[in-house]
Amino acid sequence: MAKDARPEIPDDLLRLQRAANAAQREATADTYSPEAWRPWLEASEAVQRAVTEHAAATAGVSRYELEMAVKVAAREADEAA
(Lines give C-alpha, C1' and ligand atoms only; values in the text may rest on other atoms or scores of the structure.)
Protein backbone atom coordinates (compact mmCIF):
# COMPACT_ATOMS: atom_id res chain seq x y z
CA MET A 1 0.00 0.00 0.00
CA ALA A 2 1.35 3.44 -0.86
CA LYS A 3 2.25 5.72 2.00
CA ASP A 4 -0.72 7.89 3.07
CA ALA A 5 -3.11 5.70 1.06
CA ARG A 6 -6.12 4.54 3.00
CA PRO A 7 -7.23 0.95 2.77
CA GLU A 8 -10.66 0.33 1.28
CA ILE A 9 -13.23 0.75 4.05
CA PRO A 10 -16.33 -1.44 3.81
CA ASP A 11 -19.62 0.27 4.62
CA ASP A 12 -20.31 -2.13 7.49
CA LEU A 13 -17.09 -1.11 9.26
CA LEU A 14 -17.92 2.56 8.81
CA ARG A 15 -21.45 2.00 10.19
CA LEU A 16 -20.11 0.09 13.20
CA GLN A 17 -17.55 2.79 14.01
CA ARG A 18 -20.10 5.58 13.65
CA ALA A 19 -22.41 3.68 16.02
CA ALA A 20 -19.54 3.31 18.50
CA ASN A 21 -18.82 7.04 18.21
CA ALA A 22 -22.47 7.87 18.89
CA ALA A 23 -22.53 5.48 21.86
CA GLN A 24 -19.38 7.13 23.22
CA ARG A 25 -20.92 10.60 22.96
CA GLU A 26 -24.02 9.37 24.78
CA ALA A 27 -22.06 7.51 27.47
CA THR A 28 -19.78 10.46 28.23
CA ALA A 29 -22.53 13.08 28.19
CA ASP A 30 -23.47 12.30 31.78
CA THR A 31 -21.81 10.97 34.91
CA TYR A 32 -20.21 7.55 34.71
CA SER A 33 -22.22 4.44 35.33
CA PRO A 34 -21.49 0.92 34.10
CA GLU A 35 -24.99 0.68 32.62
CA ALA A 36 -24.57 3.90 30.63
CA TRP A 37 -21.18 2.83 29.28
CA ARG A 38 -22.14 -0.75 28.34
CA PRO A 39 -23.53 0.15 24.87
CA TRP A 40 -20.32 2.03 24.07
CA LEU A 41 -18.12 -0.84 25.21
CA GLU A 42 -20.16 -3.38 23.27
CA ALA A 43 -20.13 -1.22 20.14
CA SER A 44 -16.36 -0.76 20.43
CA GLU A 45 -15.85 -4.51 20.81
CA ALA A 46 -17.95 -5.10 17.69
CA VAL A 47 -15.77 -2.66 15.74
CA GLN A 48 -12.59 -4.37 16.93
CA ARG A 49 -13.88 -7.82 15.95
CA ALA A 50 -15.01 -6.64 12.52
CA VAL A 51 -11.75 -4.82 11.80
CA THR A 52 -9.70 -7.84 12.87
CA GLU A 53 -11.79 -10.20 10.74
CA HIS A 54 -11.66 -7.93 7.69
CA ALA A 55 -7.90 -7.41 7.93
CA ALA A 56 -7.29 -11.14 8.36
CA ALA A 57 -9.42 -11.92 5.31
CA THR A 58 -7.88 -9.25 3.09
CA ALA A 59 -4.38 -9.75 1.77
CA GLY A 60 -2.02 -6.82 2.22
CA VAL A 61 -4.22 -4.97 4.71
CA SER A 62 -2.67 -4.04 8.03
CA ARG A 63 -5.11 -4.36 10.90
CA TYR A 64 -3.71 -1.21 12.51
CA GLU A 65 -3.89 0.84 9.29
CA LEU A 66 -7.42 -0.36 8.66
CA GLU A 67 -8.52 0.53 12.18
CA MET A 68 -7.02 4.01 11.93
CA ALA A 69 -8.59 4.57 8.50
CA VAL A 70 -11.99 3.47 9.79
CA LYS A 71 -11.74 5.85 12.76
CA VAL A 72 -10.75 8.79 10.54
CA ALA A 73 -13.44 8.07 7.95
CA ALA A 74 -16.11 7.73 10.65
CA ARG A 75 -15.05 10.99 12.29
CA GLU A 76 -15.14 12.76 8.92
CA ALA A 77 -18.58 11.33 8.17
CA ASP A 78 -19.85 12.36 11.63
CA GLU A 79 -18.52 15.89 11.15
CA ALA A 80 -20.10 16.14 7.70
CA ALA A 81 -23.51 15.00 8.99
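The values are calculated or read from the model by the stated rules, or taken from the named source; none is laboratory data. Source: prediction; values computed, not measured. Ideal geometry is used to build each Cβ from the backbone, glycine not excepted, and the neighbour counts take in all protein chains shown. Just the protein is used for accessible areas: all its heavy atoms, side chains included, with ligands, DNA and RNA removed. Shrake-Rupley method; radii C 1.70, N 1.55, O 1.52, S 1.80 Å.
Structure above, values below:
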{"quantity": "Scan of segment 56-81 for residues that are within 10 Å of residue 7 (Cα to Cα), of a type in the set (A, V, I, L, M, F, W, C) and modelled with pLDDT of 95 or more, ordered by number", "calculated": "66, 68, 69, 70"}
{"quantity": "Which numbered condition residue 59 fails, given (1) assigned to a helix (DSSP H, G or I); (2) exposed (fewer than 15 other Cβ atoms within 10 Å of the Cβ)", "calculated": "(1)"}
{"quantity": "Whichever residue in segment 22-40 is open to solvent by 70 Å² or more (accessible area, probe 1.4 Å) and of a type in the set (S, T, N, Q) and, among such residues, is nearest to residue 12 (Cα to Cα)", "calculated": "24"}
{"quantity": "Residues of segment 9-54 satisfying the condition of being assigned to a loop (DSSP other than H, G, I, E, B) and in contact with a Leu (Cβ under 9 Å, 6 or more places away or on another chain)", "calculated": "9"}
{"quantity": "Residue 43 being aliphatic (A, V, I, L, M) and open to solvent by 80 Å² or more (accessible area, probe 1.4 Å)", "calculated": "no"}
